[in-house]
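Structure first, commentary second.
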């Protein structure tokens, strides 16, 4: 893989019809660039969890990605309620999602832990009442 | 086992993916929580679930799920089937409950993770 690619997707809160399309497109781009399947899967899962978080909680936001021969970087930033206690939000099983989200199969408190599990680096900056920026990096040539 | 074997074991109906019944299935994962699927399923699994919304197809696509079987005669709406068709993910429906679906497939040798594949 020698090329570099970057781009962005606009995301709208509560738009469950299109939820997942950005991550799906990102997955397709990574596949077309012949990134290893296990890395594609990790990136797609992390991006999908971040995308669902935005759709569930925020008003709107963006997913920016950049893919270089060294790494995949995804930044998901939103205008949303923010996360009051990031440490608590990182706890498996902790969730503030309403029931209708749980009925859709989400909001089980595994989103952020799952992003952490699949990414090599994860940074979250959040301001309550303003929004959240989540950034993760996955290295393409990291020794297993 | 193949998807066709699974169809026969469960007396399942194929909603989409009739041309892919020769797909080899070696692992399965069952859940109604999509984050659990994303966190714990292994690549190329069969997903057994009672959820029928479009998010199930998105989750399957992202997690490299090979096929989905809906339990207790739960049929997804057209939108879900259409998305699965586009993403080439076969969908099946069985009358069996989650417990009986898993039990029958386990009995015939299907397992979840490689470590438990004995």
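Numbers for the structure displayed
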item: Considering residues of segment A:26-38 that are more than 13 Å from residue A:69 (Cα to Cα) and more than 11 Å from chain B (Cβ to nearest Cβ) only, the residue surrounded by the most Cβ atoms within 10 Å (Cβ to Cβ); result: A:29
item: Unique residue being without any contact (Cβ under 8 Å) to a residue 40 or more places away in the chain and either away from every other protein chain (no Cβ under 14 Å) or on the phi > 0 side of the Ramachandran plot (or both) when the list is B:100, B:36; result: B:100
item: Close pairs (8 angstrom Cβ cut-off, 6 or more residues apart or separate chains): free of Cβ contacts under 8 Å to residues at least 12 places away in the same chain in segment B:46-57, buried (at least 21 other Cβ atoms within 10 Å of the Cβ) and outside any strand (DSSP E or B) anywhere; result: none
item: Flag if residue A:64 is under 12 Å from the mean Cα position of the chain (by Cα) and within 11 Å of chain B (Cβ to nearest Cβ); result: no
item: Residues satisfying the stated conditions in segment A:64-79, i.e. under 12 Å from residue A:12 (Cβ atoms) and surrounded by fewer than 24 Cβ atoms within 10 Å (Cβ to Cβ); result: A:79
item: Where residue B:31 falls short, out of the listed (1) closer than 24 Å to residue A:29 by Cα; (2) touching a helix residue (DSSP H, G or I) at 6+ places or on another chain (Cβ under 6 Å); (3) within 14 Å of chain A (Cβ to nearest Cβ); result: (1)
item: Residue match in segment A:86-104 (condition: at positive phi, surrounded by 12 or more Cβ atoms within 10 Å (Cβ to Cβ) and in contact with a strand residue (DSSP E or B) (Cβ under 8 Å, 6 or more places away or on another chain)); result: no
item: Only listed residue being in a loop (DSSP other than H, G, I, E, B), touching a helix residue (DSSP H, G or I) at 6+ places or on another chain (Cβ under 7 Å), within 14 Å of chain B (Cβ to nearest Cβ) and under 17 Å from residue B:39 (Cβ atoms), chosen from A:106, A:48; result: A:106
item: Given (1) surrounded by 18 or more Cβ atoms within 10 Å (Cβ to Cβ); (2) at pLDDT 95 or above; (3) touching a helix residue (DSSP H, G or I) at 6+ places or on another chain (Cβ under 6 Å), number of the condition residue B:108 does not satisfy; result: (1)
item: Failed item in (1) in contact with a strand residue (DSSP E or B) (Cβ under 6 Å, 6 or more places away or on another chain); (2) under 26 Å from residue B:36 (Cβ atoms), with residue A:59 passing the rest; result: (2)
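The values are calculated or read from the model by the stated rules, or taken from the named source; none is laboratory data. Nothing here was measured: the structure is a model prediction, and the numbers come from that model. FYI the Cβ positions are ideal-geometry reconstructions off the backbone, even for glycines, and counts take in every protein chain you see.
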